Amino acid sequence: MAQFQLNVNGEIHEVNADPTTPILWVLRDHLNLVGTKYGCGIAQCGACTVHLNGIAVRSCQLPVSSVGTNKLTTIEGLSEKGDHPVQKAWIAHDVPQCGYCQAGQIMSASALLEANPNPTDEEIESAMNGNICRCGTYTRIKAAIKTASNS
Amino acid sequence: MKTVKTTIGRRSFIKRSTLVGGGIMLSFNWLASCDMTPQQVKALPKEWFKINGFLKIGENGLVTIMSPNPEIGQNVKTSMPMLVAEELDTDWNDVIVEQAPLNTSVFTRQLAGGSQSIRQGWNSLRMAGATARAMLIQAAAKTWNVDASEITTSQGQLIHEASGKKSGYGPMASLAAQMEVPKEVPLKDISDFKIIGTSRKNVDGTKIVTGQPLYGLDYSADNMLIAMIVHPPAFGMQLKSIDDSQAAGMPGIKKIFKIKTHLDNYSLGAFDNDAFNEVAVIVGATTWEVMNAKKALKTEWELSPNKKEDLDFFGSTMTVETPAGLESSNDHRKIFDEMPKKKGKIVRKDGDPEKMFSKAAKIIERSYTCPFLAHNTMEPMNFFADVTSERANLVGPIQTPEIMEGSISKRLGMDKEKIDIQMTRMGGGFGRRLYGHFMTEAAVISKEMGQPVKLIYSREDDMTQGTYRPAYHALYRAALDENNNLIAFHVKTGGIPESPLAANRFPAGAVDHYMAEEWTEKSNITVGAFRAPRSNFIAGAEQAFLDELAEAMDKDPIDFRLELLERAEKDPVGERNDYDASRYAGVLKLVKEKSNWTGTNPEVYRGTAAYFCHNSYVANVLDLEMRNGNPVVKKVYCAIDCGIVVNPDAAINLAEGGVVDGIGHAMYSALTFKDGKPEQNNFDQYRLIRHSEAPKEIEVHFVENQIDPTGLGEPPFPPIMGAMANALYKATGVRHYNQPFITDKPLAG
């Protein structure tokens, strides 16, 4: 066990955990931030996507010991009032079915738009290909990203 | 105006008086935190008045509607309350939706399965709203001293036109709650609907996009521990012993032990399917610590024997035999080679098909296969349990809470009255969460620990301890005469361990000489319902065969189907046909029109298919184009007849999902076995459709009619597999007979 100071959603959190613990489980079990989801544990489904200094990363593959002072953002911290353009677009298109993967989808989409405000269809597909939606909301996700891109 | 007697769901109202001001409905409920719509401007009321088991009204007019059924992404948490709100005649913006707990004294059929929630809730939910409206009217009549028949309602307002008196529902709610429950209530005419048939946003939408806790995996309670299981690595094996010398002392680990999910003398219920009755359990403080100990736990396995178990299938007892042995996909392939050659069990025979085949000028014969599939809900199986000697509280994702309450009651030896079940929003179901062994396991583990626990399956646990879609085989034969007329049709299906035959579905009824037969082969691999069970294979096989048949007969594939359907409508063969030929033809005609089927575009390759299941009709046209030598699904047209559409945009979403899911499983997914062991255990080996493989566009059209709503969660899933196969043939010249099409080999990954 070791002590870590983590910058999550703009706040510093003290965490006492095994250094190998993936950030996913630190968020969920230690910080009670359960918006970041467990899906596969091997970075294949994207349900656990968070931002590390604004870049989309799979938190299931990110040991707590590797984060240091870098800034983590989770779905809970993406916006203060749930009004990030991507979140608004998701509501406008009523994207979710079961909804379980959508936090990860939104984190991937918002990181994409931060880096590339006007992505083409192919760029969207490429950036989002690591996020599985078992319900098959892919066409709506793409439409919502375009709406957010235009806002 | 239609009047319904309130007796159907009378038990919903009988207990009203005993529950007012207390009882389960008003007690604190973790899941029942209010879901406010963004437009909501009213503050929460100071007091709620419970009108009946489905709804309560605040003094300020806000209405809370209980959504009775489990939510697995089919959006019933929005659409079911819409039915109540419609007949209550309130403003949807004044509605708060709560997920109801399991409560068999108030609600009927709290189950997600068979695409039946809206169909079977249609009358009872509307009645609940209409009854409350009638009681509000009575309250206003009493208050104003006027005749109830002179009072009308609109958008949450009570109006007495003659005197000009008006009141919101809120001020009348207290009195309304004391009114006698009417014996009969009027229901609205369909033309008067203001909510049903209009698109309303998912009531959980805001919570989902902001990451609020909604799912079973998100649930936590004071003193809660985390539990995981270790199950045998292969079907046909069982636990022999565990050696926890290394794992027990690891950080955070509380206890390691073995459990039996069902006791030895237990008579299995219909949804107790579980290959591995005895499993090792690791309980600890945090998920990661338990995962680490899981890796360190040493286990010994042994071959399990032949088993014969009693299964209580809703009152009728049957014996289920599970063979011993370690099965491989190679063994299954041999079964697929041999069994179709043997005589099957004839399920339906019209005319004299053998004779017609013997004198046919041409016989077309094709075989189709599909592999086992894992459900792979994105949220792996999990459940929370807090079991003491007095009570059991269970919280989590389950499609069959009422049935599982019975299983848990038997396992714990505890009266159902002492068991409380709350349903979380589910991260997908697709049939997997009908089988709640994980819920029983959680209860047994909590009892052993004397502490609340949350049982979590890893993805690997989830994928390798499934209730899989069975592996199916279908052999189709058609006899043509010298003029290329279809004179006989023969379908012979089988599977491991069940057959996908639907003997009385189209084209039964459309061909004079018809035969349907089937075979099955036992297996120890556990199977269960998977979105549109059996249809999820047979639709694609049948529709690919009809396409090939149309080609051999030199007919347009849609026109060919319409000809057959016309025959089935005007002069049906046999009396047991289970579909409505005119509605079937209706979706084909609609998709033909909307896709401009008769138009030509040399760069687009088109496939069509149609199917009827779960009381609804779906037809597709799928357009492929070749990009850099690879087929890309450019557009899918989907025509659906599911009766009245309650929430159109959400219905379109569900249909789009069915299309994507169908293409994905037909193209990419398979679960294969080697010596009893699933060869895929995570998404690096098990392929699911991804963004870039989804259709670029999906257009959904509904047949407009006034028929009571039927299923929608499942029907859009099966036919698209056939449309995909047929379009691929047009694009590449190759017909695909084996799912997944990407490998196109029987039972190969």
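Some observations on this one:
- Checklist (1) surrounded by fewer than 24 Cβ atoms within 10 Å (Cβ to Cβ); (2) closer than 30 Å to A:C98 by Cα applied to B:H736, failing item: (2)
- In segment B:543-555, the residues that are open to solvent by 20 Å² or more (accessible area, probe 1.4 Å) reach residues that are acidic (D, E) with C-beta atoms within less than 8 angstrom, at least six apart or across chains, in these pairs: B:K555/B:E563.
- One residue stands out in segment B:422-456 among those that are hydrophobic (A, V, I, L, M, F, W, C) and over 29 Å from B:I253 (Cβ atoms): the one that is surrounded by the fewest Cβ atoms within 10 Å (Cβ to Cβ), namely B:L434.
- Check on B:R133, in contact with a Ser or Thr (Cβ under 8 Å, 6 or more places away or on another chain), charged (D, E, K, R) and either on the phi > 0 side of the Ramachandran plot or not in a strand (DSSP E or B) (or both): yes
- In segment A:108-124, the residues that are farther than 15 Å from A:A56 by Cβ and within 12 Å of another protein chain (Cβ to nearest Cβ): A:D121, A:E122
- Residue ID - surrounded by the most Cβ atoms within 10 Å (Cβ to Cβ), chosen from residues in segment B:204-222 that are facing chain A (nearest Cβ under 7 Å) and part of a helix (DSSP H, G or I): B:V209
- Residue match in segment B:365-378 (condition: over 30 Å from B:L688 (Cα atoms) and under 29 Å from the mean Cα position of the chain (by Cα)): no
- Filtering segment B:186-203 to residues that are in contact with a strand residue (DSSP E or B) (Cβ under 7 Å, 6 or more places away or on another chain) and crowded, with 22+ Cβ neighbours inside 10 Å leaves only B:V203.
- Test: residue in segment B:519-526 that is touching a Phe, Trp or Tyr at 6+ places or on another chain (Cβ under 6 Å) and either polar (S, T, N, Q) or free of Cβ contacts under 8 Å to residues at least 60 places away in the same chain (or both): yes
- Within this structure, A:K71 fails the test of being basic (K, R) and over 15 Å from A:A56 (Cβ atoms).
- Taking every residue in segment B:454-466 that is within 13 Å of another protein chain (Cβ to nearest Cβ) and pairing it with any residue that is among the aromatic types (F, W, Y) and in a helix (DSSP H, G or I), at least 6 positions away or on another chain, the pairs with Cβ-Cβ distances below 7 Å are B:Y457/B:F438.
- Residues that are surrounded by fewer than 18 Cβ atoms within 10 Å (Cβ to Cβ) and in contact (Cβ under 8 Å) with a residue 60 or more places away in the chain number at least 3 in the following strands (runs of 3 or more DSSP E) confined to segment B:234-306: B:253-260, B:298-303.
- Residue in segment B:320-331 that is assigned to a strand (DSSP E or B), outside the structural domain of B:N265 (by TED's automatic domain parsing) and more than 29 Å from the chain's Cα centre (by Cα) present: no
- Note on segment A:63-85: among residues that are at the interface with chain B (Cβ under 8 Å from one of its Cβ atoms) and touching a residue at least 40 places away in the same chain (Cβ under 8 Å), the one that is most open to solvent (accessible area, probe 1.4 Å) is A:E76.
- One residue from B:Y668, B:Y686, B:Y737 being within 15 Å of A:Y138 (Cβ to Cβ) and either in contact with a strand residue (DSSP E or B) (Cβ under 7 Å, 6 or more places away or on another chain) or in contact (Cβ under 8 Å) with a residue 12 or more places away in the chain (or both): B:Y668
- One residue stands out among those in segment B:568-588 that are in contact (Cβ under 8 Å) with a residue 40 or more places away in the chain and open to solvent by 50 Å² or more (accessible area, probe 1.4 Å): the one that is nearest to B:K349 (Cα to Cα), which is B:R576.
- Pairs where the first residue, in segment B:700-727, is open to solvent by 10 Å² or more (accessible area, probe 1.4 Å) and the second is among the acidic types (D, E), C-beta under 7 Å, 6+ apart: B:V700/B:E656; B:V703/B:D641
- With respect to (1) open to solvent by less than 20 Å² (accessible area, probe 1.4 Å); (2) at pLDDT below 90; (3) closer than 18 Å to B:I51 by Cβ, the lone exception for B:S117 is condition (3).
- Total residues in segment B:628-655, condition touching a strand residue (DSSP E or B) at 6+ places or on another chain (Cβ under 9 Å) and free of Cβ contacts under 8 Å to residues at least 60 places away in the same chain: 1
- The condition of being under 22 Å from B:W288 (Cβ atoms), at the interface with chain B (Cβ under 10 Å from one of its Cβ atoms) and open to solvent by less than 30 Å² (accessible area, probe 1.4 Å) holds for only one of A:C133, A:C101, A:C48, that being A:C101.
- Here B:K730 meets each of (1) among the basic types (K, R); (2) assigned to a loop (DSSP other than H, G, I, E, B); (3) more than 9 Å from every other protein chain (Cβ to nearest Cβ); (4) touching a Lys or Arg at 6+ places or on another chain (Cβ under 8 Å) with one exception, condition (2).
- All positions within segment B:408-418 that are in contact with a helix residue (DSSP H, G or I) (Cβ under 7 Å, 6 or more places away or on another chain) and open to solvent by 10 Å² or more (accessible area, probe 1.4 Å): B:S409, B:R411, B:L412, B:D415, B:K416
- For segment B:137-187, a residue qualifies if it is part of a strand (DSSP E or B) and either among the polar types (S, T, N, Q) or touching a residue at least 40 places away in the same chain (Cβ under 8 Å) (or both), and the qualifying residues are B:T152, B:T153, B:S154, B:Q157, B:S167, B:G168, B:E184, B:V185, B:P186, B:L187.
- When segment B:454-481 is limited to residues that are part of a loop (DSSP other than H, G, I, E, B) and in contact with a strand residue (DSSP E or B) (Cβ under 8 Å, 6 or more places away or on another chain), the one that is farthest from A:A43 (Cα to Cα) turns out to be B:D481.
- Selection within segment A:1-21 - open to solvent by less than 10 Å² (accessible area, probe 1.4 Å) and either at the interface with chain B (Cβ under 7 Å from one of its Cβ atoms) or in a loop (DSSP other than H, G, I, E, B) (or both): A:T21
The values are calculated or read from the model by the stated rules, or taken from the named source; none is laboratory data. No experiment lies behind these values; they were computed from the predicted model shown. Cβ: placed from backbone, ideal geometry, glycine included. Neighbour counts: every protein chain shown. With ligands, DNA and RNA removed, areas are computed over all heavy atoms of the protein, side chains included. Shrake-Rupley method; radii C 1.70, N 1.55, O 1.52, S 1.80 Å.
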